[in-house]
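Taking it in order: structure first as structure tokens, then the write-up.
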């Protein structure tokens, strides 16, 4: 529980701030213990809005709780209320306040890119900033949707997907040509003009002209058949079938939806699900579910409005947004999104026609997703309750941190932290630790370094307060699961005791047991005999899943680090060398080993290598 100050103390703080404010629009933040941002709000007139929090008879119990926790406030004035709304959304995403409606687990969306910096463009998936030259199509709801679409596009249009370096070094067509997924422009088996027609067809298809393309292919197939070019006709027939398949896979399509998102929400069993459906050029690019954190007093209109402001804070806004319920402050949100995007954005809640049919279809989808989510949550709650009983905890853990290390013969030592809670794995809070100081042959030492780095930083961020109930540390765990046996448990416990927080946490080490078979795991805790669980115990299955996820993440993190190490060169260690000089040396000599064996006279032959730098390179490799 959070410490409850008297309500009047919070009101006095807010009154003192309100007295200094004017009636300009802006954003306000309520800040509590440990500098935690409790709430971010926007106002058309700051003074009037902030002063409203000093009238207890108009506040809900939730808001009274928030006011009582407020120790100070911060303010930013804006020119307009629309600017305040956009700033509010950005601050909510940054601070994740406890009392705001909060969009969680938000990620960037993948696109399809048709490159524009090559005579023979390629099709590829793209995520992140649109810095590469070319045409972008999307967003798609998932990488799976992108992969499926790319596969179908290659079957239909036979445009290359290889990297430019791979393309440049081909002397014979690759497998993609032989399985009829590419026309092999790398070996001049297709002319530049014919390949340009292929890429134009791709653009037309992704721009919503699939019907015209299918008609054109059908005409070409008939012409080939009439000319008795049966192999060409058969190839066109296969491409038409692929095009028909991808069109049939569309759950629903409305050609008039040129550029639109459908954002629909539903509340069931105290949980709200919001789904976003992407429609571009009359085609569906998939949908994604969100489960925003909201209070029981928030209406669906409030939730949709807050969701949209946060969702579009770092994403392109379509020209049309369709919702299944009127959005709170719709006019203001429309103005803000139009201002952000630079073109007119409309928000509509249809009552009839194709768009209403689309919204009804979306609501059915959401209901099914919400029922699945509630069922999974019930199972998760049951598992957490059983874990609390198993490990002697007072209440079910809200945050479990699982730790594992990975290395090969002491090289590229990597530690990881995986996080789980009532809603399952919290992947955006996973962490990697590149272990630097620990003894390479000592697994216990590695675990000590990971623990020290994780918790000394947490204590520093919390100004030395290790109270797990402190709102200033929302990421403080209830339960630590350590991959290992009694040795790892002892190493972790030693660090936590040194930091003075051992009594605040439940620590459990999991070892695989003498035969290392799943189901024979042993559990180790301080002050308790090691024990096993029955092989069919549901808690054992849950704990195995947590441990397996940490293994998966640790192995992936180690592979990444090892791959980076493989691409490093001994030249990288030379003081003052940069990418251009390194490239010039490798191009001239062919390898880092040849550079190492070169004399000063040989080094001077390389463009950009001065006499003094040649001496530095030579000295680096030959200085005893």
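The values are calculated or read from the model by the stated rules, or taken from the named source; none is laboratory data. Because the structure is predicted, anything quoted here is derived from the model rather than measured. Neighbour counts run over all protein chains shown; Cβ positions are idealised from the backbone, glycine included.
Per-structure values
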{"read-out": "Filtered residue count, the stretch 281-337, keeping only those that are surrounded by fewer than 17 Cβ atoms within 10 Å (Cβ to Cβ), over 18 Å from the mean Cα position of the chain (by Cα) and over 26 Å from residue 60 (Cβ atoms)", "value": "1"}
{"read-out": "Among the residues listed as 240, 246, the single one being more than 35 Å from the chain's Cα centre (by Cα) and modelled with pLDDT under 85", "value": "240"}
{"read-out": "Test result for residue 455, within 27 Å of residue 542 (Cα to Cα), buried (at least 21 other Cβ atoms within 10 Å of the Cβ) and either in contact with a helix residue (DSSP H, G or I) (Cβ under 8 Å, 6 or more places away or on another chain) or modelled with pLDDT of 90 or more (or both)", "value": "yes"}
{"read-out": "Any pair with Cβ under 8 angstrom, 6 or more apart, that starts in the stretch 612-624 at a residue that is more than 14 Å from residue 570 (Cβ to Cβ) and assigned by TED's automatic domain parsing to the domain that holds residue 575 and ends at one that is surrounded by fewer than 18 Cβ atoms within 10 Å (Cβ to Cβ) and at pLDDT 85 or above", "value": "614/600; 614/604; 615/600"}
{"read-out": "Residue 142, sole failed condition from (1) within 26 Å of the chain's Cα centre (by Cα); (2) surrounded by fewer than 18 Cβ atoms within 10 Å (Cβ to Cβ); (3) within 27 Å of residue 234 (Cβ to Cβ)", "value": "(3)"}
{"read-out": "Condition met for residue 608 (modelled with pLDDT under 80 and not in a helix (DSSP H, G or I))", "value": "no"}
{"read-out": "Members of the stretch 277-301 that are touching a helix residue (DSSP H, G or I) at 6+ places or on another chain (Cβ under 6 Å) and outside any strand (DSSP E or B)", "value": "292, 294, 295"}
{"read-out": "Among residues of the stretch 145-173, those that are within 34 Å of the chain's Cα centre (by Cα) and not in a helix (DSSP H, G or I), counted", "value": "6"}
{"read-out": "Residue among 384, 370 that is under 30 Å from residue 478 (Cβ atoms) and touching a strand residue (DSSP E or B) at 6+ places or on another chain (Cβ under 6 Å)", "value": "370"}
{"read-out": "Filter result for the condition that a residue is out of contact with any strand residue (DSSP E or B) (no Cβ under 8 Å at 6 or more places or on another chain), in a helix (DSSP H, G or I) and assigned by TED's automatic domain parsing to the domain that holds residue 523, over 364, 428", "value": "428"}
